[in-house]
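The values are calculated or read from the model by the stated rules, or taken from the named source; none is laboratory data. Quick caveat: nothing in here was measured; it's all calculated off a predicted structure. A quick note on method: Cβ atoms are made from the backbone with ideal geometry, for glycine too, and the neighbour counts reach across all protein chains shown. Ligands, DNA and RNA are stripped out before the accessible areas are found, and what is left, the full protein with its side chains, is counted by its heavy atoms. Shrake-Rupley method; radii C 1.70, N 1.55, O 1.52, S 1.80 Å.
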There are 2 protein chains.
Amino acid sequence: MLDLEALLRSRIVDVPDFPTPGVVFKDISPLLADHVAFAGAVDAVVAFHGRGTIDKVVGIEARGFLLAAPVAYQFGAGFVPVRKPGKLPLATLETSYDLEYGSNVLQMHEGALQPGERVLVVDDVLATGGTAAAACRLVREAGAEVVGLSVLLELGFLEGRALLHQAEPDLEVHALLQT
Amino acid sequence: MLDLEALLRSRIVDVPDFPTPGVVFKDISPLLADHVAFAGAVDAVVAFHGRGTIDKVVGIEARGFLLAAPVAYQFGAGFVPVRKPGKLPLATLETSYDLEYGSNVLQMHEGALQPGERVLVVDDVLATGGTAAAACRLVREAGAEVVGLSVLLELGFLEGRALLHQAEPDLEVHALLQT
């Protein structure tokens, strides 16, 4: 039997000092390149929620797209991107979130979600939770329902889940792997 | 019966003067948000080549990821990203291509493709062909075989197909839609 967790774990590479000194970057590209690991990760996200339960998948630029788009496809759901400023051509909703130094802005097209739609937010990594919380805010601002957040990898030592639950107390957070 | 071409065409929106004055941007986000159109586009790319014929799908950052990743998933293939400089953390192959003013660089991880692997390059739009030609160069530099290029939309008036065939005479170019 396939031990999916062990396979996924073996396909994520630690890259020290990327993008800046002192940071250990979790590179998921070996996982994406392995068709068994890639399909296994997508299928595990879909199986956790169940087909037919999700109307739209929201994916976060740019690595988040790589898991979110096939998850949307396999759910039979539509896909909606959340992007950095200047990338989406039509009128947008936007929200900002704090970083250690400064802040970031994320945008989503107005009208991309309909009121009441059931939405799953998907990203590659849950770190401090700031990005995920911002994406959830955009979904709720559009009047849609956040069914949950699914990520490939949760970096437990950053305690993003706790921060996220301050903003979104009822959010179901599902990580395929945790460190 | 579903008229896929008409559906896809109806879900691409012209946005004048984006990202710069005089350019008409083809926004594919309504297509991605419509689960029938999105799945139809993915399935049409896979059906054109046939399952079991592709080892890896190469997708071009960032909108190209949105079609390429689910296409890789549905082929049962691995996915390999081609990205702008500074995004990939490990050693890369790189190539540059000319723009109207200046040039762009694209990178792919070394070792992401194995010699002899059958590779499909996937992007959202075929415009001048410069990006697609650069991606094909990276695939061949890795020793792999470019089986073809699949895009959602070919902007015929830019004659990218002709430019691409100067660099890649035998490349099979498959566009779901043409303007």
**Item:** Furthest towards positive pole of dipole, A:6, A:151, B:32, structure part the protein assembly as shown, Cβ charges
**Value:** A:6
**Request:** Compute for chains A and B the buried accessible surface, both sides summed, probe 1.4 Å, and express it in Å² to the nearest 100.
**Result:** 2900 Å²
**Item:** Across the identical copies, how the residue B:159 labels are spaced - nm, sorted shortest first, 7 Å along Cα→Cβ
**Value:** 6.2
**Request:** Please name the residues of segment A:63-101 whose accessible area, counted over protein heavy atoms with a 1.4 angstrom probe, falls by no less than 40 Å² between the chain alone and the full protein assembly.
**Result:** A:65, A:66, A:69, A:73, A:79, A:83, A:89, A:90
**chain B: most fluctuating residue of B:13, B:82, B:24 per GNM, C-alpha cutoff 10 Å** = B:24
**Request:** Starting from a label point 7 Å past Cα on the Cβ side, list the distances from residue A:7 to the same position in the other copies, nm, shortest first.
**Result:** 3.0
**Fill in**
Of the listed links B:56/B:84; A:87/B:56; B:56/B:87; A:26/B:56, those spanning more than 24 angstrom between alpha carbons are A:87/B:56
**Item:** Stretchable slack from residue B:157 to residue B:179, in nm (0.36 nm times residue separation minus alpha-carbon distance)
**Value:** 7.2 nm
**Item:** residue B:51 paired with residue B:145, simple spin-label distance in nm, labels 7 Å along Cα-to-beta-carbon
**Value:** 2.2 nm
**Prompt:** With no solvent and one point on each alpha carbon, what is the Debye value of log10 I(q)/I(0) for segment B:1-102 at q = 0.17, 0.22 Å⁻¹?
**Reply:** -0.98, -1.19
**Message:** Could you give each residue of segment A:18-26 its phi-based ³J(HN,Hα) in whole Hz, using Karplus coefficients 6.51, -1.76, 1.60 with θ = phi - 60°, and x for Gly or Pro?
**Reply:** 10, x, 9, x, x, 8, 9, 7, 9
**Message:** Regarding segment B:55-179, what's the average projected area of the Cα-atom convex hull, expressed in nm²?
**Reply:** 7.2 nm²
**Neighbour count of at most 16 Cβ within 10 Å plus DSSP loop: longest GluC sites (Glu not before Pro)-free window in chain A** = A:1-99
**Asked** So which trypsin sites (Lys or Arg not before Pro) in segment B:60-89 pass both tests, a DSSP loop state and at most 15 other Cβ atoms within 10 Å of the Cβ?
**Response** B:87
**Asked** Can you give me the relative contact order of chain A as a percent, contacts being Cα pairs under 8 Å and 6 or more apart?
**Response** 17 percent
**Cα-based equivalent ellipsoid of the protein assembly as shown: semi-axis lengths in Å, sorted from largest, via gyration tensor** = 30, 24, 21
**Message:** What does the copy distance list look like for residue A:50, label position 7 Å along Cα→Cβ, in nm and ordered from shortest?
**Reply:** 3.9
**Item:** GNM top mover of B:60, B:28, B:12 - chain B, alpha-carbon springs below 10 Å
**Value:** B:12
**Prompt:** Given A:104, A:80, A:162, which one lies farthest toward the positive end of the charge dipole of chain A, if we put +1 on the Cβ of every Lys and Arg and -1 on the Cβ of every Asp and Glu?
**Reply:** A:80
**Request:** Report in % the part of the accessible area of segment A:51-178 that belongs to carbon and sulfur, leaving out ligands and nucleic acids; probe 1.4 Å.
**Result:** 46 percent
**Message:** Per residue, how large is the accessible surface of the protein assembly as shown? Use a 1.4 angstrom probe and give square angstrom.
**Reply:** 42 Å²
